[in-house]
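Below: one structure, written as structure tokens.
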Amino acid sequence: MAEGDLTKPTAAATGLLISSGEVSSDEILEAWIERAAGDDLNAYLWRATGEQAQNGVEGSGSGPLAGVPVAIKDIFCTQGVPTTAASKILQGYLPPYDATAVSRLAKAGMPMLGKMNMDEFAMGSSNENSAYGPALNPWDRGRVPGGSSGGSAAAVAGGLAPWALGTDTGGSIRQPAALCGIVGLKPTYGSISRYGMIAFASSLDQCGPITRDVTDAALLLGVLEGRDEMDSTSVGISGGISSPSASDLSGLVFGVPVGLLGEGVEPGVRAVFDATLDRISSLGGKIEEIDLPHAGHGISAYYVLAPAEASTNLSRYDGVRYGSRAPSSGLVDMYEQTRSAGFGPEVKRRIMLGTYALSSGYYDAYYGRAQRVRTMIVRDFESAFADVDFVVTPTSPSVAFRLGEKTEDPWTMYLNDLFTVPMSLAGIPAISIPAGLAPPAGGGPDLPVGFQIAAPAFREQKLLEAAFALESAIGFDGSPARIP
Amino acid sequence: MSQGASSGGGTAGATADGYEAVIGLEIHVQLSTETKMFCGCRLSFGDEPNIHTCPICLGHPGVLPVPNRRAIEFGLLIAAALDCEVAPRSIFHRKNYFYPDNPKAYQISQFDIPLASDGRLNEVRIHRAHLEEDAAKMIHVGTSGRIQGSDASLVDFNRAGTPLVEIVTEPDLRSGAQVREWGQLLRATIKQLGVSDVNMEEGSLRCDANVSIRPVGSSELGTKTEMKNMNSFRYLERGVEAEIERQKQLLSAGGRVVQETLHFDPSSGELHSLRSKEESHDYRYLPEPDLVPLAPTPEMLEAAAESLPELPAARASRYRDELGIPEAAAQLLSFETEWADFFEGVLAHDEGVEPRVVANWVTGEFAAELRRQGDQELSRSKVSADSLGSLISMVAVGRISHASGKSVLESMVAEGADPRQVVEEQGLEQISDSGELEKIVKSAIEANPGPAEQVRSGNQKAIGALVGAVMKETRGRADGGEVNRLLKKHLDL
Ligand SMILES: [Zn+2]
């Protein structure tokens, strides 16, 4: 088989090629390493050599995924391999241990291709907050891939990696997947261990797959999910995950939160969304209008809660034990110089926001209130799921925007997460699948539009089945070859 | 055995000059679990620095805490011993502050819903008891010994993450002496539970005192100062007394007490203000998102209640009420577990001897002899409970005199001698044959006509000289009462 062809199949298909003996895992790895070496999207922050990629990998050639390489967002600790969370403050940091998710992939026989670009400490929706420059959208290199898992999504969409591990705090898997025309799944909070995943907002952070199709997402989730004794908040998914096979949606009810969709959705995105609803109906699914009365406050609550947790999570970067330490005189000066030089502006903004929200005298007005909003959103979903099987929205209000277009106005940037944040606050699983193409608001070639489906907690299998049936009906080609 | 624990506390608070002291304590107890609070590193004391560390207790990126089940069980044991209410779901919080001994820049502690609250130990109410993790140990190189002005500061993370229980009392103590006594009771109680080494010098038990004064009869609290890090309850007593005195003089002179943290220097007796900025710290408490609420199962609560041993306070009342031992000796024995165990060993030797008598021997002659011979620790003494028991028995049945008993005790403490052997070898057995003793009494009267005449003419005190003569002749082997009786008989009294 010619080299170019080896990177063409999906991850699942690649696994079959290897296990059937048609190609060797070494050939596959070599092909992908060569693809990664040609990274013209600034997707990789670190690329493995063949030997490094195999480090710690077990059972090569035995399991169904053995030998299928994977790209890892640079937020996961990888033993002895640079891990920066795209921050200068962790420049040169070599973790002494592997994240649980990473070692689960290695145990399944999957080599690590490299560490992927992202927004610094996962704070951002465009990958422009990386200390190492933004990753680029393969559909239009003048546009953002989304964020924070921008490097992971760009690499999978651009054919630089077969699939990738991302993390999602308020939409960081789903939104870049949507903007790059691929599949991104944020599982239920607690289904995959967070151990070794550099914390941004601990009560929201969840890792998940970024893949070309729903089948790959199911396979990767199956490897990752499970209780981990190193993470007290992890529970796993009972029954595990199997490959989805549904071909219709009969008997299933899809709720559309009409109140939430009112404002700010680009017409092209809206059109793709409406066409997808029609397709659901044609597959036997039922569309119902629902109300999530508090979901509109999700962004406000999220931008109190997440920075509050981040402000304490990021306090450990003090120059004492690891990472960078700025020249200084005395202890307080060391803290100030190190943190001033090490963190980028968005991270600083959120640390200050979060510190303020937790200050005595303000705690209840901000953090306490945001927690109450979060509880209301949880209840909104609970009552919605009493009537419907799924809640559906566009993943993002817009298609990929131009680099620099939103960097001057944080609030406009935050609104990108309008449809993804409520599910994060509720801790429920949600998937984004590519649903079609639409012209950007300012004109230009068509770009991918994501369709988001959310399900009750731990109903990943049901969610994947529905996504699989819909994906087959839409027939969107997620392969890099599709990109003009 | 500590001196002076018998000087009944709790009453010395109201002072002659119209002020009373109000004192509350905060006690940190390092739990003696095998491993740390939130990771698998071993606990140690005095090992080479930074060998018991891992990514978790060093606060590396991405790590998560997992609570130590044993530490929770120990916490529940302490809660049961202090008669506390256990919260059905207590919450861990992050207490945020920057310091090199605090690797995550937050300490995982408990805040608004602690493990246990509303307890009591004797006369002092317990406000709360909660679980948390210890900080690393800092060593400041240079002359100052503090971080300011030191040449360098070194951090030893072996201690980081050691499980702690912090116990906070209500402000129910009234004097330095009471602080010492109650502190010793608390230490004995925790030691009895076997959950901590409670060694103040090594820092496995640390006690801070909040001190204020107010006019007698007032129910309002005055401004308090905090006294930190005293490494013995005796020093804490002195420090608290010094601070009470300082505050009284300040208020009497029309001044005001300023809220501050103080250090008492036991060698100079002086109080120093630790001008740390800590007073103004905003710890920005946040419910720890990495941990689920701590909800002890009914089985865990039952196990804690069932494994409670007899605690020092209960032991003291049993000694007093059932064994008829005076309050002071009862406390002295039971507040130090090894003394209480030793006492019960002595008691078991001969059930015929009154417990009160045994207690007197143990806390009196025996404790004094240990002190006299080089301040020996009970645990290192050569005297077994059984041999002391047999000595006391011999005295009690009149086989040897009390005076002989004391001299035998001397050689027991010195060389671990067997008391029966000493009595035999030195011929100390009392003259039980009253015919023989009568002969000696008669010759003593004849040999001392002067004192004999004085006694006959009504000077009772003069009989001492005659008793002395008899004792000298018998080398202390005579029973004092019997000698008195015979002397009076032959002097026709
Ligand atoms: Zn450790």
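The values are calculated or read from the model by the stated rules, or taken from the named source; none is laboratory data. Keep in mind it's a predicted model, so treat the numbers as computed, not measured. Positions of Cβ are generated from backbone atoms using ideal geometry, with glycine treated the same way; all protein chains shown enter the neighbour counts.
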*Considering every residue within region B:415-423, establish whether at least one is basic (Lys, Arg) and assigned to a helix (DSSP H, G or I).*
yes
_Among the residues in region B:273-281, are any free of Cβ contacts under 8 Å to residues at least 12 places away in the same chain and either surrounded by 13 or more Cβ atoms within 10 Å (Cβ to Cβ) or in the same structural domain as B:ALA87 (by TED's automatic domain parsing) (or both)?_
yes
*asked:* Which numbered condition in (1) within 15 Å of the ligand (Cβ to nearest atom); (2) surrounded by fewer than 22 Cβ atoms within 10 Å (Cβ to Cβ) is the only one that B:ALA71 fails?
replied: (2)
_Filtered residues of region A:307-356 (kept if surrounded by fewer than 24 Cβ atoms within 10 Å (Cβ to Cβ), hydrophobic (A, V, I, L, M, F, W, C) and over 17 Å from A:GLN91 (Cα atoms))_ = A:LEU331, A:VAL332, A:ILE351, A:MET352, A:LEU353
_Exclusive hit being away from chain B (no Cβ under 14 Å) and modelled with pLDDT under 95, set A:SER24, A:SER125_ = A:SER24
*Single match in A:ILE287, A:ILE280 (criterion: of a type in the set (A, V, I, L, M, F, W, C), without any contact (Cβ under 8 Å) to a residue 60 or more places away in the chain, more than 30 Å from A:THR100 (Cβ to Cβ) and not in a loop (DSSP other than H, G, I, E, B))*: A:ILE287
*Within region B:41-64, which residues are over 23 Å from A:VAL81 (Cα atoms) and either more than 13 Å from the ligand (Cβ to nearest atom) or within 9 Å of another protein chain (Cβ to nearest Cβ) (or both)?*
B:PHE45, B:GLY46, B:ASP47, B:GLU48, B:PRO49
_Filter region A:36-49 down to the residues that are in contact (Cβ under 8 Å) with a residue 40 or more places away in the chain and more than 22 Å from the chain's Cα centre (by Cα) and list them by number._
A:GLY38
*The lone exception for B:ASP156 - which of (1) closer than 28 Å to B:ASP83 by Cα; (2) within 16 Å of the ligand (Cβ to nearest atom); (3) not hydroxyl-bearing (Ser, Thr, Tyr) it fails*: (1)
*Among the residues of region B:273-296, how many are away from every other protein chain (no Cβ under 14 Å) and modelled with pLDDT of 90 or more?*
1
*For region A:260-273, enumerate the residues that are more than 16 Å from A:ILE474 (Cα to Cα) and in contact with a Pro (Cβ under 7 Å, 6 or more places away or on another chain).*
A:GLY264, A:VAL265, A:GLU266, A:GLY268
*Here are some residues: A:ARG104, A:ARG35. Which one is among the charged types (D, E, K, R) and in contact with a helix residue (DSSP H, G or I) (Cβ under 7 Å, 6 or more places away or on another chain)?*
A:ARG104
*Out of all the residues in region A:210-231, is one or more in a loop (DSSP other than H, G, I, E, B) and on the phi > 0 side of the Ramachandran plot?*
yes
*Working only within region B:72-95, note down all residues that are among the aliphatic types (A, V, I, L, M) and within 14 Å of chain A (Cβ to nearest Cβ).*
B:ILE72, B:ILE91
*What number of residues within region B:319-332 satisfy the criterion of being loosely packed, with under 14 Cβ neighbours inside 10 Å, assigned to a helix (DSSP H, G or I) and more than 18 Å from the chain's Cα centre (by Cα)?*
1
_For A:SER103: the one exception among (1) among the hydroxyl-bearing types (Ser, Thr, Tyr); (2) in contact with a strand residue (DSSP E or B) (Cβ under 8 Å, 6 or more places away or on another chain); (3) surrounded by fewer than 23 Cβ atoms within 10 Å (Cβ to Cβ)_ = (2)
_So B:ASN68, is it within 14 Å of another protein chain (Cβ to nearest Cβ), among the polar types (S, T, N, Q), closer than 23 Å to A:SER315 by Cβ and touching a residue at least 24 places away in the same chain (Cβ under 8 Å)_ = no
*Do we find a residue being surrounded by fewer than 18 Cβ atoms within 10 Å (Cβ to Cβ) and farther than 21 Å from A:LEU260 by Cβ anywhere in region A:397-404?*
yes
*Filter region B:223-258 for residues that are out of contact with any helix residue (DSSP H, G or I) (no Cβ under 7 Å at 6 or more places or on another chain) and of a type in the set (S, T, N, Q); which is farthest from B:GLN184 (Cα to Cα)?*
B:SER252
*From the set of residues in region B:160-194 that are of a type outside the set (Gly, Ala, Ser) and under 28 Å from B:ALA105 (Cα atoms), which is farthest from the ligand (Cβ to nearest atom)?*
B:THR169
*How about region B:12-40: which of its residues are within 16 Å of the ligand (Cβ to nearest atom) and either buried (at least 22 other Cβ atoms within 10 Å of the Cβ) or at pLDDT below 95 (or both)?*
B:GLN30, B:LEU31, B:LYS36, B:MET37, B:PHE38, B:CYS39
*Within the bounds of region A:290-301, is there any residue that is within 14 Å of chain B (Cβ to nearest Cβ) and either assigned to a loop (DSSP other than H, G, I, E, B) or not polar (S, T, N, Q) (or both)?*
no
